[in-house]
Every structure is written in C-alpha cells, then in structure tokens.
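To start, the structure under review is shown below, and the notes come after it.
Read-outs: derived from the displayed coordinates by stated rules, not from any lab. Nothing here was measured: the structure is a model prediction, and the numbers come from that model. Cβ: placed from backbone, ideal geometry, glycine included. Neighbour counts: every protein chain shown.
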Amino acid sequence: MGKATLSIASKNYGSWSLRGWLLCKLAGIDFEETAVSSDDPSTRAELLLLSPSFLVPCLTHDGVKIWDTLAIAEYLNELKPDAGLLPKAKAARARCRSICGEMHSGFSNLRSALPMNLKAHYKGFKVWAGAKGDIERITTIWRECLDEYKGPYLFGKAPGLADAMFAPVVTRFLTYEVALDAACAGYCKTIMAMPYMQEWVAAAKNEPDELEELDVEF
C-alpha cells in the first residue's frame, strides 16, 4: 500500500483539518502531512467561512484524491475495515452515519459563534441564543449515544468516525467554557485525553498566528 499525503490547514483553527487528520490516525494509515498556506483560498475558506465543502483537508493515496471529510472517512473505512471507524452492527452504523452527516452539514450557528481556537480561552463567554439550540442538539446526541453504546466513546469502547467528527466541537466547548452536564463533560475529557488529540493540540499551540481575523475578542 502506497504512502498517503494529507493536506491540512492551521492546526489551531482548522476544525475540518482536525477531523481528517484524526480519521487517518484512527485508521492507522502511514501518511505525510502537508500544510497548506493560510494564503491559499481553500484554506482561508475553511478557516474564515467554516465550511466543509472546500479542498482542505485533502487525502491523496495511490493516485486517488479525496477532499470531503466524510468521503475521506468512507475511503479509509474501505481501505482499513478492521480499524473500527464505523460500528460493526448495521443499526449502529446507520446511526453513526446519520449523526456524522448532521455534523457535516449543520450547526452553522455554533460554527459562527464559537470558532475553533485552541490557543484561546474565553472565561465567562456568553453564548448567543442562536447557538444554544445547536449546543442542545449536540449534547443530546452525545448523551443518547453514550447511554445506548455505554461509552466512553460515542459508539463504545474505542474511538471512531463519530468521535473524529465531534472532536472539534469538544475543543470549542472548552475554549468558550460551555456549561455541560456530567456525561458530556466526561466525554470531553475522554476526547481530550486521546494521545492523538494531545499531539494535535501541542502542535497547534506552537503554531504561529497567521490569521488576525480570527484572533479577536468576543
């Protein structure tokens, strides 16, 4: 199997880049990272417009180029079916795809109000009303999955696609001190304790600040 390349944007701000990177790590593929400059239009689109439909992250493997996060996940699941990115049971697999699709296409108020910024910490941040509905829906998804599949991850004992998709939300909740119930707070701790997350966060904190538009006081 040829070595893969994953093009990513800023580790501090790039929520979609984090998702793609985590998926590659969880799949266990051998890949090289390529950092795309913040001057690149697709990179700035991801960081400033917070859209999943641009060209970062982008996985290149054996001549195949995949740039949508869910498409990357499905490709990796076919490439490494034993990695556990998707649950084994059909019903759980369908549910996993459903909530990941919801994360992929929704929660625009949350994205706008609480942009990913791993270096920042906004104590006492006031979440505007439009984002509260998104937060309530996300925490409902988490509680239901943790209750049904017994945790500590959304679909059981090992991290998978759903956890990669919601990992940037975890960082947002911590950055902006979003109040959480015990189950959701515990899930956030589980995600942040993952060695891959710790590796990403450490790299993000050593990253130079290149996008002044995102370093603002809320």
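Under the simplified labelling scheme, the ASP30-ALA183 pair shows an inter-label distance of 4.2 nm, with each label point 7 Å from Cα along Cα→Cβ. Post the alpha-carbon centroid distance, the stretch 11-36 to the stretch 140-167, in whole angstrom. Computed from Cα coordinates, the inter-centre distance equals 20 Å. Helices of the chain meeting both criteria, an alpha-carbon length of 27 angstrom or more along the long axis and an average Kyte-Doolittle score not below -0.5, with helices taken as full DSSP H segments, do not occur. Note on LYS150 and LYS126: the extension gain reaches 5.4 nm, defined as 0.36 nm multiplied by sequence separation minus the Cα-Cα distance. For the cross-link pairs LYS25/LYS189; LYS132/LYS157; LYS90/LYS150, the ones whose C-alpha atoms lie over 26 Å apart are LYS132/LYS157. Of the trypsin sites (Lys or Arg not before Pro) in the stretch 56-112, the ones in a loop by DSSP (not H, G, I, E or B) with at most 10 other beta carbons within 10 Å are LYS88.
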